[in-house]
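To start, the structure itself, in structure tokens.
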Amino acid sequence: MALKDRRPDRTVTLRLTGSMSKYDWAINGRRYAPSHRYPVRAGERVRLVFVNDTTMWHPMHLHGHTFALPGGGPRKDTAVVLPGKRLEVDFDADNPGLWMVHCHNVYHAESGMMTVLGYRR
Ligand SMILES: [Cu+2]
């Protein structure tokens, strides 16, 4: 089930930040806080841009959706973002709710490398 070819309506940049020594893993320099959400609208094609500013691998996982690399490929819910690299993924906002995006290395997620995308129907 490939995503239909479509230009993104919205781009959300999520910089992966933090270090082993401080153990301050975060997204855009901000540790997870339930009150902070990245807005998305129902029906949009959303592009997530992961920019890994750290020296570690981060398998980034999105709840409630599957994403694909722009231009095709299989749909997944997790993709590894290599140290110092950038990775773009597209998904369709077709499942309203509050959805976590987080590093699937649970030690990183628990220290703060997670956030929420939210939208209503
Ligand atoms: Cu991580």
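Rule-based calculations on the coordinates, nothing more; no lab input. The structure presented is a predicted model; accordingly, all values stated were derived computationally and were not measured. Because the Cβ atoms are built from the backbone with ideal geometry, glycine has one as well, and the counts that use them run over all protein chains shown.
Here are the numbers for this structure:
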{"item": "Nearby lysines by direct alpha-carbon distance to LYS76 (threshold 24 angstrom, same-chain neighbours under 8 apart not counted)", "result": "LYS4, LYS85"}
{"item": "Derived scalar couplings ³J(HN,Hα) [region 42-53; Karplus, 6.51 cos²θ - 1.76 cosθ + 1.60; whole Hz; x for Gly, Pro]", "result": "4, x, 6, 8, 10, 9, 9, 10, 8, 10, 8, 8"}
{"item": "Gained length - ARG37 relative to ASN95, 0.36 nm times residue gap less alpha-carbon distance", "result": "19.3 nm"}
{"item": "Label-point gap, in nm, between ARG6 and TYR23 - each point 7 angstrom along Cα→Cβ", "result": "4.2 nm"}
{"item": "Added length on full extension, which subtracts the Cα-Cα distance from 0.36 nm per residue, VAL49 to LYS76", "result": "8.2 nm"}
